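Engineer: Mind looking over this structure? Questions follow.
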Amino acid sequence: MRCPDCGFEDSKVIDSRPTDGRIRRRRECLSCKFRFTTYEIVEDVPLMVVKKDHSIEPFDRDKLAERIRRATVKRPITYESIENMVDEIESDLKNNLQKEVSSGQIGDMVLEKLKNTDQVAYIRFASVYKDFDGAESFISIISELETKEEGEKSDE
C-alpha cells in the first residue's frame, strides 16, 4: 500500500476491524511513520455455470443440493453430509479462480463425492447425469464400481 504522505510502497497494518461490509485497516508507513486508514472490500465474483446447451446461468448451491438429495433418497446419508459435499464442491470451484465452469465439471465432482459415500446414490446420480439409455449403461457403471472395489481389496 503506497503511503499518501511520502509515496513509499510498503506499510504495516496496525489495526484491522470489519465495518459495514468492509474491512477498515489502520496502517503505518515503514519509511516516514505516517499513519493512515484504508478500507478494503471483498470482491465477490459470481460463479457461472455453462450448461450442455451452451446457455449460462449463475451457480445455485440449492439446486445442486436438491439434485444430490434426489439421488440419496432412502439412503443412509445425512442432510449434513450432503451440505458438506455441496460446500466442498462450491469451495473447490471458487478456489480454481474460474468465472465459468461447465455443468459437466460439477457433475463429475458430485460423482466423485458420491462414489466414495454411497454406491447406490452414485448409480442414481450417474444414470441421470450421464443420460443412461439402457441396461448396458447400468451394467457398465456397476462393473466399474466392482472393479474399483476389487482393486481396493487387493491393496489391503
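The values are calculated or read from the model by the stated rules, or taken from the named source; none is laboratory data. Small disclaimer: the values here were computed from a predicted structure and weren't measured. Methodologically, a virtual Cβ is constructed for each residue, glycine included, from the backbone with ideal geometry; neighbour enumeration extends over all protein chains shown.
Engineer: Being surrounded by 11 or more Cβ atoms within 10 Å (Cβ to Cβ) and either part of a strand (DSSP E or B) or of a type outside the set (A, V, I, L, M) (or both) is the filter here; which residues of segment 18-32 pass it?
Structural biologist: 22, 23, 24, 25, 26, 27, 28, 29, 31, 32
Engineer: So which of 127, 102, 143, 137 ends up being assigned by TED's automatic domain parsing to the domain that holds residue 52, surrounded by 12 or more Cβ atoms within 10 Å (Cβ to Cβ) and more than 25 Å from residue 63 (Cα to Cα)?
Structural biologist: Within the list 127, 102, 143, 137, the selection yields 137.
Engineer: So for segment 3-22 (the condition being of a type in the set (Asp, Glu) and in contact (Cβ under 8 Å) with a residue 24 or more places away in the chain), does at least one residue qualify?
Structural biologist: Within segment 3-22 (the criterion being of a type in the set (Asp, Glu) and in contact (Cβ under 8 Å) with a residue 24 or more places away in the chain), the answer is yes, since at least one residue qualifies.
Engineer: Restricting attention to segment 39-64, and to residues there that are touching a Phe, Trp or Tyr at 6+ places or on another chain (Cβ under 9 Å) and outside any strand (DSSP E or B), which single residue is surrounded by the most Cβ atoms within 10 Å (Cβ to Cβ)?
Structural biologist: 47
Engineer: Go over the candidates 15, 92 one by one and state the one that is out of contact with any His (no Cβ under 9 Å at 6 or more places or on another chain) and either surrounded by 14 or more Cβ atoms within 10 Å (Cβ to Cβ) or in the same structural domain as residue 123 (by TED's automatic domain parsing) (or both).
Structural biologist: Going through 15, 92 in turn, just one is out of contact with any His (no Cβ under 9 Å at 6 or more places or on another chain) and either surrounded by 14 or more Cβ atoms within 10 Å (Cβ to Cβ) or in the same structural domain as residue 123 (by TED's automatic domain parsing) (or both): 92.
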